[in-house]
Amino acid sequence: MYVIKVMSGDEEKVKNLLTQKGYKILCPKKIKIHRRKDSYYEKEMVIFTGYLFLELETVTDRQYYQIKTIDGVIGFLSARYALYKQEQSYIRVLDNNGEPIREVVLYFDKYGFAHLTRGFIDGFDKQIVSVNRKDKTVAIEFKIENDVKKIVLNYTECLGRI
């Protein structure tokens, strides 16, 4: 898996262009709940703005230059080196089979520590950075290409590990 840097805001357009050329592209998304006065609304957002993830074992010179010529593509991150296996697994989990992440499920142990449970993100407890119980959001950090990325997701609370 490779990281492609794209123009921020053009992720969906570039993904569609690359998909038409036969490439498998991941673009993890989330549903963000916003509050305005007394009403709530949802907005779909790209988790890693300005980045797409190319599912390939190796990139040939022809593929490299074909991708770089796509309108909206800035280039490859780290000069065409693939992501580490663990980083690839983070991206696949966050991609959620192409569906935006609506929320994760947390439970709090007797000491008050949050644990991710049930669903696509089970077992990523060590990545939890903070929990905002008022806003019902959890911040999770992932390391990608020696860069720490922090994402904030909505959560629901359950009464113990499921």
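The values are calculated or read from the model by the stated rules, or taken from the named source; none is laboratory data. Note that the coordinates shown come from a computational prediction; the quantities given were computed from them, not determined experimentally. Virtual Cβ from ideal backbone geometry, glycine too; neighbours counted across all protein chains shown.
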Would you mind finding the one in 74, 25, 91, 31 that is at negative phi and in contact with a helix residue (DSSP H, G or I) (Cβ under 7 Å, 6 or more places away or on another chain)? 25
Within the range 78-92, considering residues that are buried (at least 17 other Cβ atoms within 10 Å of the Cβ) and aliphatic (A, V, I, L, M), the one nearest to residue 25 (Cα to Cα): 91
For the range 13-39, the count of residues that are within 23 Å of residue 91 (Cβ to Cβ) and in a strand (DSSP E or B) equals 6
Filter the range 113-134 down to residues that are outside any loop (DSSP other than H, G, I, E, B) and surrounded by fewer than 12 Cβ atoms within 10 Å (Cβ to Cβ) and give me whichever is modelled with the lowest pLDDT. 126
Examine the range 2-11 for a residue that is closer than 27 Å to residue 150 by Cα, surrounded by 15 or more Cβ atoms within 10 Å (Cβ to Cβ), of a type in the set (Asp, Glu) and in contact (Cβ under 8 Å) with a residue 24 or more places away in the chain, and state whether such a residue exists. yes
If we scan the range 78-100, do we find a residue that is part of a strand (DSSP E or B) and either touching a residue at least 24 places away in the same chain (Cβ under 8 Å) or within 30 Å of residue 134 (Cβ to Cβ) (or both)? no
Within the range 135-157, of all residues that are of a type in the set (Lys, Arg) and within 14 Å of the chain's Cα centre (by Cα), the one modelled with the highest pLDDT is 150
When the range 50-74 is checked residue by residue, the ones that are under 13 Å from residue 11 (Cα atoms) and surrounded by 13 or more Cβ atoms within 10 Å (Cβ to Cβ) are 50, 51, 52, 53, 54, 70, 72, 73, 74
